[in-house]
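Accompanying notes for the structure given below.
The values are calculated or read from the model by the stated rules, or taken from the named source; none is laboratory data. Owing to the predicted nature of the structure, the values given are computational and were not obtained by experimental measurement. Positions of Cβ are backbone-derived with ideal geometry, glycine not excepted, and every protein chain shown enters the neighbour counts. Areas reflect the complete protein model, heavy atoms only, side chains present, ligands, DNA and RNA absent. Shrake-Rupley method; radii C 1.70, N 1.55, O 1.52, S 1.80 Å.
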Amino acid sequence: MTVATDAPFTAEDLAPTLRPLLEASLLPARAYVDDDVARWEAENLFFGGWMCVGHASAVAGRGAFVTAELEGESLLFIGDGEGNARGFHNVCRHRAARLVTEREGAVRRLQCPYHAWSYGFDGTLKNAPHTGELEDFDPACNGLRQVRAEIAGGLVFADVSGTAPPLAEHVGALAEHLDAYRTAELRRAARIDYDVAANWKAIVENYSECLHCPGVHPELNRLSHYLSGDDFEGPGAWCGGSMTLTKDDADTMATGGGHAGRPPITGVDPRAVLYFAIFPNCLVSLHPDYVMLHTLFPRGPRRTEVVCEWFFEPETMAAEGFDAGDAVEFWDLVNRQDWQVCELSQLGMASRGYSPGRYTEVEGTVHDFDRMVAEAYLR
């Protein structure tokens with residue numbers, strides 16, 4: 001992997017984005033289409049700080065694991081049976097074979113499929129055949145290369161650099177909203193992976209506004225008016241706010257008019273849906289009766305792998321007749337509508353006829369996200 005070290009933009013390049021909303025313009029077009037920018041972002045935004053790699057339920061059991069891949073680097077996160085997510089480079093210390101190739105799963109032991117070197121769930125080398133007579137070979141020095149991993153609000157975050165500020169500072173005030181929805185206790189009911197021909201930032205920007213909803217998402221706009229709700233503020237590397245379900249017409253975001261009939265999560269506002277983007281790659285949507293999580297993994301400047309998951313309370317899932325299909329079907333439709341317009345936008349970003357457009361007065365959250373990006377470019 002070629003690492004781009006120089007900042008991709010100057011302060012002058014980013015000044016239009018860093019102005020107040022009513023004076024500001026979008027990020028430079030090169031931020032969405034340039035290979036060097038994408039490599040710089042991978043190294044400095046994704047590997048250089050906290051990024052979300054999934055929900056804690058994926059590593060809840062001993063040996064349960066999830067992997068994440070970015071710029072050819074594969075990372076492995078595995079449950080140690082004590083409530084911790086242990087993170088490692090997914091690379092055997094012998095001949096560099098990947099230890100696991102699946103996106104997620106569970107193993108009884110962590111053994112390389114090539115030469116059978118095996119490791120504990122804490123990364124220590126347990127068995128290395130035919131090394132007993134090697135000189136200057138210390139098993140204690142040949143464990144897996146660790147990756148800093150922590151859990152906040154039921155979400156697993158990784159800091160490959162090992163130098164990011166405390167995770168609590170990164171998540172900031174958003175933690176109280178995640179805790180209110182008991183995100184750490186929820187369990188997954190469904191997952192869909194998408195391959196989107198658009199830059200990851202364009203996807204976050206699209207998620208962060210509903211100006212497009214009347215035309216692009218008529219089904220969503222019938223359940224929640226595009227100008228409803230409020231923007232939230234507070235410390236941490238996140239942005240977002242609330243939207244309000246249409247009175248008397250819906251109890252959640254789902255097919256069938258939003259009449260799912262599931263009980264709301266205890267203690268939450270049954271009329272609100274909260275939408276948050278946690279920098280850089282986590283989109284978390286808090287519904288009255290479930291939580292939806294998108295994690296974004298760039299595949300170069302013009303493509304993003306998006307993992308979408310739906311989580312419910314265990315007691316709701318255990319109830320007779322439980323079916324998450326109405327929520328999954330609804331958001332699969334909305335997701336695909338979003339991907340279509342994001343891909344159209346991506347095509348235009350590459351045009352020599354494009355220059356950064358202006359934000360409208362109702363795109364404050366988009367501007368908040370772009371400011372985080374611009375400020376990260378300048379650090």
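The value of relative contact order for the stretch 140-183, using C-alpha pairs under 8 Å at least six residues apart, is 37 percent. A simple packing score, the average count of other Cβ atoms within 10 Å per residue, orders the peptides 343-353, 152-162 as 152-162, 343-353, with the highest score first.
For the stretch 237-249, the Karplus equation 6.51 cos²θ - 1.76 cosθ + 1.60, evaluated at θ = phi - 60°, returns couplings of 8, 8, 8, x, x, 10, 10, 10, 5, 4, 4, 6, 10 Hz by residue, with Gly and Pro reported as x.
Starting from the Cα-Cα distance between residue 320 and residue 74, subtract it from 0.36 nm times their residue separation and give me the gain in nm to one decimal.
Values: separation 246, 0.36 × 246 = 88.56 nm, distance 3.96 nm.
Net length gain for the segment: 84.6 nm.
Per residue of the chain, the DSSP helices (runs of n ≥ 4 H) give a summed -39500 (n - 2.57) that works out to -7000 deg cm²/dmol at 222 nm. Between the residues 232, 67, 354, the greatest Cα displacement towards the positive end of the dipole of the chain, with unit charges on the Cβ of Lys, Arg, Asp and Glu, is found for 67.
Run the numbers for residue 246 and residue 228: contour at 0.36 nm per residue of separation, minus the present Cα-Cα distance, in nm.
Working: separation 18, 0.36 × 18 = 6.48 nm, distance 0.92 nm.
So the chain would gain 5.6 nm between residue 246 and residue 228.
The HN-Hα couplings worked out from phi for the stretch 337-350 by the Karplus form 6.51 cos²θ - 1.76 cosθ + 1.60 (θ = phi - 60°) are 4, 5, 4, 4, 6, 5, 5, 5, 5, 4, 4, x, 4, 7 Hz, whole numbers, x standing for Gly and Pro. Our summary of shape: the Cα atoms of the chain have principal axis extents of 72, 58, 32 Å, ordered from largest down, in whole angstrom. For a 4.7 Å threshold on C-beta separation, the list of partnerless cysteines in the chain reads 141, 239, 308, 342. The mean sequence distance of close C-alpha pairs (under 8 Å, at least 6 residues apart), as a share of the length of the chain, puts its relative contact order at 20 percent.
Accessible surface calculations at 1.4 Å, restricted to protein heavy atoms, place the chain at 45 Å² per residue.
What is the dipole size for the stretch 4-145, taken about its Cα centre, with +1 at each Lys and Arg Cβ and -1 at each Asp and Glu Cβ, in debye to the nearest 20? Can you show the working numbers first?
Working: 13 positive and 21 negative charges, 158 e Å.
The calculated dipole for the stretch 4-145 is roughly 760 debye.
Here's the picture: charge each Lys and Arg Cβ at +1 and each Asp and Glu Cβ at -1 in the chain, and of 58, 376, 127 the one pushed furthest to the positive end of that dipole is 127.
Given +1 on the Cβ of Lys and Arg, -1 on the Cβ of Asp and Glu, and no further charges, what dipole in debye does the stretch 163-247 carry about its Cα centre, rounded to the nearest 20?
360
Could you tell me what percent of the accessible area of the chain is made up of carbon and sulfur, with a 1.4 Å probe and every protein chain present? Using a 1.4 Å probe with all protein chains present, the chain comes out at 48 percent carbon and sulfur.
Taken along the Cα-to-beta-carbon direction at a fixed 7 Å, the label points for residue 60 and residue 18 span 4.4 nm.
So, by mean Cβ neighbours within 10 angstrom, what's the order for 306-314, 30-38, 196-204 with the highest one leading?
Values: 306-314: 20.9, 30-38: 19.2, 196-204: 24.1.
Ranking, from highest mean packing down: 196-204, 306-314, 30-38.
Scalar couplings 3J(HN,Hα) for the stretch 269-286, obtained by applying the Karplus form with A = 6.51, B = -1.76, C = 1.60 to θ = phi - 60°, are 6, x, 10, 10, 10, 9, 10, 9, 10, 9, 5, x, 10, 10, 10, 10, 10, 9 Hz; x denotes Gly and Pro.
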